[in-house]
Amino acid sequence: MTGRAARLWQSLFMAHPARTVVMAFAAAILLGTVLLALPAAAQEGTGTGLVTALFTATSAVCVTGLAVVDTGTYWSGFGEGTILALIQVGGFGIMTTASLLALLVSGKLRLRMQLTAQAETKSLGIGDVRRVLLGVAGSTLAVELAVGAFLALRFRFGYGRSVGDATYLGFFHAVSAFNNAGFGLHADSLTRYAQDPWVTLPIAVAVILGGLGFPVLLELLRHRERRRGTGRRNWSLHTRLTLVTTAVLLLVGTVLTCLLEWTNEETLGHFDWPAKLLNGFFHSAMTRTAGFNAVDVGAMTDATLLMTCMLMFVGGGSAGTAGGIKVTTFSLLAAAMLAEVRGEPQSVVMGRRIAPHALRQALTVALAGIGFVMTATLALLTVVDKPFESVLFEAVSAFGTVGLSTGITADVPAVGQLILILLMFVGRLGPITLVSALALRERTRRYQLPEERPVIG
């Protein structure tokens, strides 16, 4: 590579930490596509089409879960192992993984790698990166091992699976759940376990924990040490906002799912009331961008599909495995609306004044997300002969990296799959890149322009 080419590459892809993260994800998708296209990745021993391999690799790296072929029957052991590795690396973070490996091998990190890891994990400062990396790795391993072991025992003694099958099923679903990927090894996802809380609840817990985001998990783990020093809870505003908003959205999703589907014989109607509540909660938890389903999503009412779209669009916590515009973005916009309705000059949340630039960033992320979803839906409607609500649901699921589907994914033509691929990539990395770019472009103005108020409404 010539000096000019090297400088061009440096300026285009390596100068901005968030841009480096995007390129790393793209490289992982490319590698995954190559591996999944190999004959050894398919059970039939024949090469997989490029679009199918690319779609699956993107869905795995972006921890979405949408699939154009059945994971458990189409892919071989090598293919499933590749998908699982892509899920783990994609959920953990490409640059987080690279930084952790460098830390383990050499015991130190170069400044550029610290900056990229900081951009991906939302570390507060360069000095936090090492601690955050180890904390992220520890929490990921702990949750996946605990949930995987529990599920393996359930599959072994509750369903008579062999030790090998039970272990493989348990840990595959645990990794997929914590990383909010939604890939399963059954063609019907988890519908066969719809009335088994020993399977659905551990998976829901793993999904919720992964969806909170690593900064929240690490702060919760340090909670005991902080209480010893201060004698009281000292959670940051981000953690409190994430926990409260997540709890509220889970409750709202559970209540609405149960109310809207209570008598629908194709979904919750044929269950007894404890199973209805269980599956209402499970569906609400899966909208946190997980993608598993225990009832037929395609049989849900239009009202439930719309409610699900709204929850999928919001997504989970920042700097974690979840997608969407993030719960903190949603909370800040709600606080701004409430302040405007009350006629208050500033937005206040939990006793803290919100900085104006944070509100502008939240508004930008939300409107950009709406723009992406609407544009993709319009494009899909031109190539997919399916009902509008199903196409919209698919687009929101891709952008929110959720993976829930009404069952039309496999019927989407190649052009439509490429649109969904782009939407998954943007949904996984768009908010990170956009907010980082906005933060770096902040500048002060040395003068004020004349003020004028256009007519609103």
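The values are calculated or read from the model by the stated rules, or taken from the named source; none is laboratory data. Please read all numbers here as calculations on a predicted model, not as lab measurements. Because the Cβ atoms are built from the backbone with ideal geometry, glycine has one as well, and the counts that use them run over all protein chains shown. Accessible surface is based on the protein model in full, side chains and every heavy atom, while ligands, DNA and RNA are left aside. Shrake-Rupley method; radii C 1.70, N 1.55, O 1.52, S 1.80 Å.
Things to note:
- Working from Cα pairs under 8 Å separated by at least six residues, relative contact order for segment 178-220 is 51 percent.
- Treating each Cα of segment 248-296 as one equal point scatterer and applying the Debye formula with no solvent, the log10 of I(q)/I(0) at q = 0.29 Å⁻¹ comes out as -1.10.
- Modelled label reach - LEU153, point 7 Å along Cα→Cβ, segment 194-223 residues with backbone N closer than 14 Å: 198-199, 202
- Taking label points 7 Å from Cα along the Cα-to-Cβ direction, VAL244 and ALA303 give a separation of 2.9 nm.
- Among 305-312, 54-61, 189-196, 324-331, the peptide with the highest mean count of other Cβ atoms within 10 Å heads the list, and the full ranking is 54-61, 324-331, 305-312, 189-196.
- Taking all protein chains into account, the per residue accessible area for segment 242-306 stands at 39 Å² (1.4 Å probe).
- Share of pairwise Cα separations in segment 230-361, more than 23 Å, in percent: 43
- Most to least accessible of TYR74, TYR168 (protein chains only, probe 1.4 Å): TYR168, TYR74
- Over segment 339-409, accessible surface divided per residue gives 51 Å², non-protein components excluded, 1.4 Å probe.
- Among the protein heavy atoms of segment 339-404, carbon and sulfur supply 60% of the accessible surface, probe 1.4 Å, non-protein parts ignored.
- Ranking TRP262, TRP198 by solvent-accessible area of protein heavy atoms (1.4 Å probe, all protein chains present), from largest to smallest, gives TRP198, TRP262.
- Across segment 343-399, counting alpha-carbon atoms alone, Rg and Dmax equal 17.0, 50 Å.
- The calculated FRET efficiency for HIS357 paired with PHE388, based on their beta-carbon distance and R0 = 25 Å, is about 0.10.
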